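What follows is a short report on a single structure.
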Amino acid sequence: MPGCDRIRALAGGARDPLSVAGHATWRDRWVSWGSVAALGAGVAVGQWLHGNGGSADGWAAAGDLILIRPLMLVVMPLVLVSVIAGVTSIGSPSRLGLLGGASLIFYLATMILACTLGASLVTILDPGAGVAPDVARDLLADGTTALSSNPSLAPRIQSGEAEGLSGAWLNILRQVVPGNPFAEMANGRPLGIIGFALLVGAALAVACDRVPAARIARDTINGIYEALLVAVRWIITLLPIGAFCLVVATVTRTGLTEFSGPIAKYMGVVALGLLIHAFILLPLVARLGGVAHPWAFMHRCRAALGTAFVTSSSSATLPVTLETSVEAGASRRATNFVCPLGATVNMDGTALYEAVAVVFLFQFMGIELGMQELVVVVITATLAAIGAAGIPSAGLVTMVLVIGAVNTSLADPAKALPLGAIGLILGVDRILDMLRTSVNVWGDLVGARLLTPLAPDEPPGDANQATTGAAAA
Ligand code: ASP
């Protein structure tokens, strides 16, 4: 029995609970239907608590303990070993370069597509139009107060503003080439781990051709990787309970019925854009790239999309993304390369959301942006989304970079948008974050499936041979 199958069998069955092919296990049904039920029940309980002055804190803490922390516990080791295993198995530098180049082109193209869609929709539908100037000024003052009194966001937004777009990019480059991989891991910065893992993986592939001992290291890393995936499957079993707690917390905080006027329209435009991108544009890109049934693939990816929805974090979802992607039909090799990098770099949902939000805020203050500023929005929202970490509200923070760039490009400095305007959309950010994070993760999954032909998995026979060969060596 090959090593991986043995580990799967040890974990309690050769079939994966998320697998949709063949007969569904009780775990499969529990995760799928339990999550749907948790969502409905969570909304109902949350709305009741909201109406009766209940507190969200206990629910948020429970969701954090049950789902988010266990996922975060495995995410950094998983990024490290999955990228090393992926790069080592791809082997040849030219194939690696091809996959890397194609991934970056895919990330950029789909993000620019998402931004352009967002900027077009918000310009056509004009959700911020018609607000009386004095009402806008009052609401802006409220928003500024809400933002400056938010202890977690205010300092991040201020440092983002001070850093600017070029500073943010320098910061990203510094993370990709880290000075200390252990510090990157301890600080939860996946880009640094990916940079380190790319180097080690490429070096290990070369060493495997020369030194038999290196093959032991490669097989050990593959073994740790498989073991971590078993742990991920255990954690996914908790998804319905964790989802229930997190949804109750979100709805208790925000309520469902309080969105009206321009903010409700703004939410509608973001949601419409995300739906068009997720259900039409990305499947179209996949179809044009040779994926036969993109919606069936989407259905098979539902565990990852659901986890992204409830956690609002691409990074926390990554363990589930890696597992689901392969179960849904992408190759392990493409998945191990495209998804970890995509979780921090490829953010279609965030890019679209930032474009809509910035244009909306200008509209709200009575400023219609021209074509030149819209182009600035599309470019900087793409760059800002690349710079956003895969954590909740990261897009809200990097939005300051887009606002700063548009302000600089305005002919009349008096029209510049104050950063406090972000406070206007603060209250509804979590709900939109849930949606955009699902789209971010969906973009990574489409990328892995689309690029699978560039990095197909070896047929099982070959893999066994390689393992046996390595063991014999
Ligand atoms: N929460 C998003 C993610 O993790 C990032 C964002 O805030 O837009 O993908």
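Structure summary
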read-out	value
Failed item in (1) closer than 30 Å to Val75 by Cβ; (2) free of Cβ contacts under 8 Å to residues at least 12 places away in the same chain, with Gly390 passing the rest	(2)
Condition check for Val310: among the aliphatic types (A, V, I, L, M) and away from the ligand (no atom under 16 Å from the Cβ)	no
Selected residue (only one of Phe360, Phe364 is aromatic (Phe, Trp, Tyr), modelled with pLDDT of 90 or more and in contact with a Pro (Cβ under 7 Å, 6 or more places away or on another chain))	Phe360
Residue match in region 448-456 (condition: of a type in the set (D, E, K, R), within 16 Å of the ligand (Cβ to nearest atom) and either part of a loop (DSSP other than H, G, I, E, B) or at pLDDT 85 or above (or both))	no
Entirely in region 117-220, the helices (runs of 4 or more DSSP H) that have 1 or more residues that are modelled with pLDDT of 90 or more	181-186, 190-210
Leading residue by the ranking (nearest to the ligand (Cβ to nearest atom)) among those in region 388-402 that are in contact with a helix residue (DSSP H, G or I) (Cβ under 6 Å, 6 or more places away or on another chain) and assigned to a helix (DSSP H, G or I)	Gly395
Contacts under 9 angstrom Cβ, first residue in region 272-294 being outside any helix (DSSP H, G or I), partner among the polar types (S, T, N, Q), 6 or more apart	Val291/Thr452
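Here's the yes/no breakdown for (1) at pLDDT 95 or above; (2) within 16 Å of the ligand (Cβ to nearest atom):
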| position | (1), (2) |
| --- | --- |
| Ala292 | no, no |
| Gly306 | no, yes |
| Ala316 | no, yes |
| Pro340 | no, yes |
| Ala343 | no, yes |
| Thr350 | yes, yes |
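The values are calculated or read from the model by the stated rules, or taken from the named source; none is laboratory data. All values derive from a computational prediction rather than experimental measurement. Cβ sites come from the backbone with ideal geometry, for glycine too, and all protein chains shown count toward neighbours.
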